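Report on one structure; see the data block that follows.
The values are calculated or read from the model by the stated rules, or taken from the named source; none is laboratory data. Keep in mind that this is a model prediction, so the values were computed, not measured. A quick note on method: Cβ atoms are made from the backbone with ideal geometry, for glycine too, and the neighbour counts reach across all protein chains shown.
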Amino acid sequence: MEPSKDQLLWMYAAMAKARHYEDTMARAYMEGKTPKFDIGAGLVPGEMHLAAGQEPCAAGVCVHLRAGDTVTATHRPHHVAIAKGVDLNRMTAEIYGRRDGLAGGRGGHMHLFDPAVNFACSGIIGESAGPATGAALAARLQGSDAVAVAYLGDGAANQGAFHEALNLASLWRLPVVFVIEDNAWGISVPKSRSTAVPDNSVRARGYDMPGVHVADNDTLAVFDAAGEAVARARRGEGPTLIEVQTYRYYGHFQGDPEVYRPKDEVARLKARDPIDRLRGHMLDNAGVTEAEADEALTRVRAEVDAAFEFARQSGEPAPEDALEHVFA
Amino acid sequence: MSRNRVLTGSRAMVEAIAQEMRVDPTVFVMGEDVGPYGGIFSSTTGLLDEFGEERVRDTPISETAFIGAGVGAAMAGMRPIVELMFVDFFGVCMDAIYNLAAKNTYFSGGNSKVPMVLMTATGGGYSDAGQHSQTLHATFAHLPGMKVVAPSNAYDAKGLMTSAIRDDAPVLYMFHKGLQGLAWMAAPEGASTEVPEDPYAIPFGEARVVREGGDVTIVAISMTVHHALAAAEALAKDGVDAEVIDLRSLVPLDREAVLASVRKTGRLVVADEDYRSFGLTAEIIASVAETDPGLLKSAPRRVACPDIPIPYSRPMERFALPDAEKIRAAVQQTLNRAVA
Amino acid sequence: MADVRIPEGLWDADITPEGVVANWLYRDGSEVDAGETVAEIMVEKATMEITAPAAGRLAITVAKDGVVRPGTVIGRIDEQ
């Protein structure tokens, strides 16, 4: 499956937007945390898991989705939220813990919900799989051709929730796609020391569904695999498991001393940066001009900068607002 | 001339584990990131270097499997120390904890034992939101068959860990992240303490009076001990002499220490970072009321997290979690005084 | 008298000029042994240990949370 020029530009813009978002967030997060790094201090407190490097998983899948399709993401959700079209201003305000956030500051970075585009995420490993399966079941019961996508890290493929959801989705032939973002690390533990198989896509066989492995963080290969999986789901032919070999440029969380990681790993990964590679492909093979690519870059960076400004300007919630919205 | 060695909570835990591992080959450690990383909250720093990969085992993110394996290994003659990284993650593995670890001794008529330590990080206060900030003392203390401890300082962290490892029952060892003395997370002044270098054990079920006073009893545990002490200092300036009790363990619970104090003061405030309803605060007050409601000169008060998921945003989280000022206000209420 | 000094080159000060004393592991005035870890320094995200250069009585000169650089003397050991 070959992406059109529009699809290429869409993916490029989504990836550049996500990258600029994470790099901006990394700087904002450190405000008020130097020279003493205190995780609870500063402009943006709490844990912060950034996804720079993992953009192909977001853009290459979400380019095939509609607003009515559901995405459930992980504790590292920003790139996927951006690609799914989550309101960027309100998402950023949420991460800043502000009044205008998606949840008025109740959820924060690991708990982003935007029902307008059917996006949700969770800080618990593996807990994207069940809800996506349920969204797919709802689509079936409602007679819709909507699909659902569950994002998981490679570490989550060792959780019971993942395996149980795969079985259920296959048993009921539900329109769901499971996307494993294999960034090689479960916090400090390398995949080779946590996972009995080198490639999680082989686990699909155990649940009688197609399993696809995408190597080398290749956006076009993600596009191809996800396009087929989403089309198959929409046709009512059941779930697919895709594992994407991707990269994680930042630590597991901001503040991670990364004592476990080879010193040169990130530099080596950045030499194969997926955004640069996609841009090269667009210019060389797809008739995209430098001006078109630059225009996309300028536009998305301005959107990101505006979102951070929106968040900065948004007020703090009132303390007693904490008592609201426990029940619907 | 004296050696006044001060340890952080995490270093005290590690020292207890290492000392037991040196003398007891059945003790081993497993959990997520307990190897080269040394535990996300530094509960296993350096253990891999000393004891090697066989006895300090990084696990996959598979809590049902490795906590279940801890139960099985314990029943087969080992003394596993298993880490559940955040207590909030119990949702994916509770069956192994409360249906296996907690019940196997009873269902075997005492013929099997499960000498496993499950150590887990609790607490909020740094904007990590409600999937990573809960305390959940009562969730575990409510279920029979497990001992549950929660140290407030490094001295207790070492002594309670030593006891936990040597105990033949499953012990849930709940350490508050904000008491670990982590370089990257603020901790109250009193969390790091002088810690003897030789091994020692602190018996379970013995509360400690950390501040003596005659006007009101403040019962606390884990992080709220520090809030209670700060409140007591502030109250002293108002002319109120508060007694502060650190429970140190929930199961067994030292009800007698609470009663002895309330007999003296006649007033009671209970502070716990866990949720308010159906929790430790209610249990303590019920224990006093059941024994002799006449002991209390005024209505008891509790300071706990309101019954809401712990919010992310700083002003809302501060609203939700106990602190010294809330305890002080509660004490003033037991004295029937308006808060200044 | 021996200085408890943060070693030059413990971290790259061109990238991160300053760190902080995260914890002292002995009280001011305590006896310490040579080579024992006496303090933890935090630089950006990483924690590093500082050891006693000699045995003797520790005098803390930079308290917890104090800002330090490579080469900063954070305490002294009185060898008597």
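The strands (runs of 3 or more DSSP E) found wholly in the stretch B:194-291 and carrying at least 2 residues that are buried (at least 24 other Cβ atoms within 10 Å of the Cβ) and in contact (Cβ under 8 Å) with a residue 40 or more places away in the chain occupy B:216-220, B:242-246, B:249-251, B:268-275. Taken as a whole, the condition of being crowded, with 19+ Cβ neighbours inside 10 Å and without any contact (Cβ under 8 Å) to a residue 40 or more places away in the chain applies to C:Ala39. Would you pick out the residues in the stretch B:177-221 that are under 18 Å from the mean Cα position of the chain (by Cα) and acidic (Asp, Glu)? B:Glu189, B:Glu206, listed by residue number. Considered as a group, the residues in the stretch A:48-98 that are within 14 Å of A:Leu112 (Cα to Cα) and among the charged types (D, E, K, R) include one that is surrounded by the fewest Cβ atoms within 10 Å (Cβ to Cβ), and that residue is A:Asp87. One residue stands out in the stretch A:33-47 among those that are of a type in the set (Val, Ile, Thr) and facing chain B (nearest Cβ under 9 Å): the one that is nearest to the chain's Cα centre (by Cα), namely A:Val44.
For residues in the stretch C:31-43 being farther than 25 Å from B:Phe41 by Cβ and among the aliphatic types (A, V, I, L, M), which is nearest to the other protein chains (Cβ to nearest Cβ)? Checking each candidate, the answer is C:Val32.
Residues are listed down the side, and each one gets a yes or a no for (1) at pLDDT below 95; (2) in a helix (DSSP H, G or I); (3) under 30 Å from A:Gly107 (Cβ atoms):
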{"site": "B:Ala304", "(1), (2), (3)": "no, no, yes"}
{"site": "B:Asp307", "(1), (2), (3)": "no, no, yes"}
{"site": "B:Glu325", "(1), (2), (3)": "no, yes, yes"}
{"site": "B:Val331", "(1), (2), (3)": "no, yes, no"}
{"site": "B:Asn336", "(1), (2), (3)": "yes, no, no"}
{"site": "B:Val339", "(1), (2), (3)": "yes, no, no"}
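Tell me, please, whether a residue that is closer than 21 Å to A:Met25 by Cβ and without any contact (Cβ under 8 Å) to a residue 24 or more places away in the chain can be found in the stretch A:281-301. Looking through the stretch A:281-301, at least one residue is closer than 21 Å to A:Met25 by Cβ and without any contact (Cβ under 8 Å) to a residue 24 or more places away in the chain. Within the stretch A:148-169, residues that are at the interface with another protein chain (Cβ under 8 Å from one of its Cβ atoms) sit with their Cβ atoms under 9 Å from residues that are aromatic (Phe, Trp, Tyr), at 6+ positions apart or across chains, in these pairs: A:Gly155/A:Trp185; A:Ala156/A:Phe162. Of all residues in the stretch C:44-60, those that are within 30 Å of B:Ile40 (Cα to Cα) and within 14 Å of chain A (Cβ to nearest Cβ) have Cβ atoms under 6 Å from Cβ atoms of residues that are of a type in the set (Ser, Thr, Tyr) and not in a strand (DSSP E or B), 6 or more apart or on another chain, in C:Glu44/C:Thr16. Given A:Val222, A:Val230, A:Val212, which one is within 18 Å of A:Gly60 (Cβ to Cβ) and either part of a strand (DSSP E or B) or among the polar types (S, T, N, Q) (or both)? The match here is A:Val212. Looking at A:Ala311, A:Ala322, just one residue is within 14 Å of chain B (Cβ to nearest Cβ), in a helix (DSSP H, G or I), within 24 Å of the chain's Cα centre (by Cα) and in contact (Cβ under 8 Å) with a residue 12 or more places away in the chain, and that residue is A:Ala311.
Counting only residues that are more than 8 Å from every other protein chain (Cβ to nearest Cβ) and touching a Gly at 6+ places or on another chain (Cβ under 7 Å), which one in the stretch B:301-315 is farthest from B:Ala242 (Cα to Cα)? Here the residue is B:Ile310.
Residues checked against (1) over 16 Å from B:His227 (Cα atoms); (2) more than 14 Å from chain A (Cβ to nearest Cβ):
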{"position": "B:Glu273", "(1), (2)": "no, yes"}
{"position": "B:Ile285", "(1), (2)": "yes, yes"}
{"position": "B:Pro293", "(1), (2)": "yes, yes"}
{"position": "B:Leu296", "(1), (2)": "yes, yes"}
{"position": "B:Glu317", "(1), (2)": "no, no"}
{"position": "B:Pro322", "(1), (2)": "no, no"}
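When A:Val176 is tested against (1) within 14 Å of another protein chain (Cβ to nearest Cβ); (2) at pLDDT 95 or above; (3) in contact with a Pro (Cβ under 7 Å, 6 or more places away or on another chain), exactly one condition is not met: (1). Taken as a whole, the structure leaves A:Ala93 outside the set of residues that are out of contact with any strand residue (DSSP E or B) (no Cβ under 7 Å at 6 or more places or on another chain), away from chain B (no Cβ under 14 Å) and of a type in the set (Gly, Ala, Ser). Of B:Asp238, B:Asp254, B:Asp198, all but one fail to be at pLDDT below 95 and more than 14 Å from chain C (Cβ to nearest Cβ); the exception is B:Asp238.
For the stretch C:21-30, does any single residue satisfy the condition of being among the charged types (D, E, K, R) and either more than 26 Å from B:Glu189 (Cβ to Cβ) or more than 9 Å from chain B (Cβ to nearest Cβ) (or both)? No, because not a single residue in the stretch C:21-30 is among the charged types (D, E, K, R) and either more than 26 Å from B:Glu189 (Cβ to Cβ) or more than 9 Å from chain B (Cβ to nearest Cβ) (or both).
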